[in-house]
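What follows is a single structure, written as structure tokens, with notes after it.
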Amino acid sequence: MNGKYLNDICVFDSGAGGISVLREITRLLPHEDIVYFGDSANAPYGSRTKEEVRELTLNAIRHFVDEGVKACVIACNTATSAAAPLLRSTFSIPIIGVEPAVKPAVLAGHRRILVMATEMTLRLEKFHRLAEKYGKGAEIIPVPGIGVVEEIEAGRTDTPEFHELLENLLGRYRGRVDAVVLGCTHYPFIRRQIAEVLGNIPFYDGGEGTARELKRRLDENGILSARDRDGRVIFLSSRNTPEEIALYRKFYGMP
């Protein structure tokens with residue numbers, strides 16, 4: 001097969017959020033070439049219908065499969081919940097998704113766990129199965145992050161208005177929860193802002209586990225990169241502007 005991204009790994013998200021997963025992947029797999037695609041023109045996915053999310057995700061992944069990628073990471077909880085089974089039945093390459101990190105939060109002994117995620121992620125069956133499976137003995141408190149992704153995508157996360165938005169969403173839980181699961185890949189970029197509302201409590205997200213699963217699947221299929229050079233990362237966006245790519249690079253370079 002020939003293609004523009006032959007033997008690359010595709011990392012896909014509804015926008016900039018999946019860069020939090022990309023950072024974990026490049027940390028664990030520094031020799032892999034990666035193409036990151038954010039569908040920012042259609043973000044946020046969390047307020048769309050399941051059918052819309054499936055169609056958008058399928059069309060994006062089909063393009064990169066046709067261009068020769070060897071694996072795809074759906075670095076979006078909403079797209080994983082809505083589309084992962086369809087993608088796995090459609091394409092023969094490894095498809096790795098993400099899920100809210102409820103399991104590690106429960107295994108760490110936390111008993112009142114706030115799960116902040118998009119409306120769709122919290123609504124679909126995948127989350128309810130996860131909470132039921134791992135939430136025994138713990139109280140799982142779902143909180144839809146309405147309006148949060150739009151502000152992150154716009155780069156407006158250090159404004160009084162954004163603090164007020166988080167206060168309205170989360171303030172009532174201050175002192176009432178002992179851990180936070182960041183159930184949207186955008187949310188690791190606002191840990192500090194969330195901590196300003198909820199206090200200094202542990203945070204959990206699925207990025208590291210997704211990177212480990214990607215490495216396992218690449219190894220299992222014999223397609224781990226054998227190069228000793230650093231891999232490259234290409235940033236692409238459906239909102240194809242220099243400003244959007246600059247935002248992606250900013251998130252990728254954040255400490």
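Looking at (1) more than 30 Å from ILE141 (Cβ to Cβ); (2) surrounded by 17 or more Cβ atoms within 10 Å (Cβ to Cβ); (3) of a type outside the set (D, E, K, R), which one does THR241 not meet, given that it meets all the others?
THR241 satisfies every listed condition except (2).
Could you please find all residues in the stretch 218-255 being β-branched (Val, Ile, Thr) and in a loop (DSSP other than H, G, I, E, B)?
ILE223, THR241
Out of all the residues in the stretch 38-55, is one or more among the acidic types (Asp, Glu), buried (at least 21 other Cβ atoms within 10 Å of the Cβ) and either at pLDDT 95 or above or assigned by TED's automatic domain parsing to the domain that holds PHE189 (or both)? Give the derivation first.
Pass one, the stretch 38-55, residues among the acidic types (Asp, Glu): 39, 51-52, 55.
Narrowing further to those that are buried (at least 21 other Cβ atoms within 10 Å of the Cβ): 39.
Narrowing the set further to residues that are either at pLDDT 95 or above or assigned by TED's automatic domain parsing to the domain that holds PHE189 (or both) leaves 39.
Yes - at least one qualifying residue is present in the stretch 38-55.
Taking only pairs six or more apart or across chains, which ones have beta-carbon atoms under 8 Å, a first residue in the stretch 99-117 that is closer than 25 Å to PRO85 by Cβ, and a second residue that is in a loop (DSSP other than H, G, I, E, B) and among the charged types (D, E, K, R)?
ALA101/ASP205
What number of residues in the stretch 227-255 are farther than 22 Å from ARG191 by Cα and of a type outside the set (A, V, I, L, M, F, W, C)?
13
Taking MET120 and the conditions (1) within 14 Å of ASN77 (Cβ to Cβ); (2) at pLDDT 95 or above, which numbered condition does it fall short on, given that it satisfies the others?
(2)
Please indicate, with yes or no, whether at least one residue in the stretch 136-146 is of a type in the set (A, V, I, L, M, F, W, C), under 17 Å from the mean Cα position of the chain (by Cα), surrounded by 14 or more Cβ atoms within 10 Å (Cβ to Cβ) and part of a helix (DSSP H, G or I).
Checking the stretch 136-146: not a single residue is of a type in the set (A, V, I, L, M, F, W, C), under 17 Å from the mean Cα position of the chain (by Cα), surrounded by 14 or more Cβ atoms within 10 Å (Cβ to Cβ) and part of a helix (DSSP H, G or I).
Every residue in the stretch 13-36 that is touching an Asp or Glu at 6+ places or on another chain (Cβ under 9 Å) and buried (at least 24 other Cβ atoms within 10 Å of the Cβ), please.
If the condition is that a residue be touching an Asp or Glu at 6+ places or on another chain (Cβ under 9 Å) and buried (at least 24 other Cβ atoms within 10 Å of the Cβ), then ASP13, SER14, GLY15, ALA16, GLY17, ILE19, SER20, VAL21, LEU22, ILE25, GLU32, TYR36 are the ones that fit.
Filtering the stretch 159-201 down to residues that are touching a residue at least 60 places away in the same chain (Cβ under 8 Å) and in a helix (DSSP H, G or I), which residue is surrounded by the fewest Cβ atoms within 10 Å (Cβ to Cβ)?
Among residues in the stretch 159-201 that are touching a residue at least 60 places away in the same chain (Cβ under 8 Å) and in a helix (DSSP H, G or I), the one surrounded by the fewest Cβ atoms within 10 Å (Cβ to Cβ) is PHE189.
Pairs please, first residue from the stretch 232-249 and in contact (Cβ under 8 Å) with a residue 60 or more places away in the chain, second anywhere and of a type in the set (D, E, K, R) and surrounded by fewer than 16 Cβ atoms within 10 Å (Cβ to Cβ), Cβ atoms under 9 Å, 6+ apart in sequence or on different chains.
PHE235/ARG249
Just give me the residues in the stretch 65-113 being buried (at least 24 other Cβ atoms within 10 Å of the Cβ) and more than 18 Å from the chain's Cα centre (by Cα), in sequence order.
VAL69, ILE113
The values are calculated or read from the model by the stated rules, or taken from the named source; none is laboratory data. Remember, predicted model here, so these are calculated numbers, not experimental data. In this analysis, Cβ positions are derived from the backbone assuming ideal geometry, glycine residues included, and neighbour counts consider all displayed protein chains.
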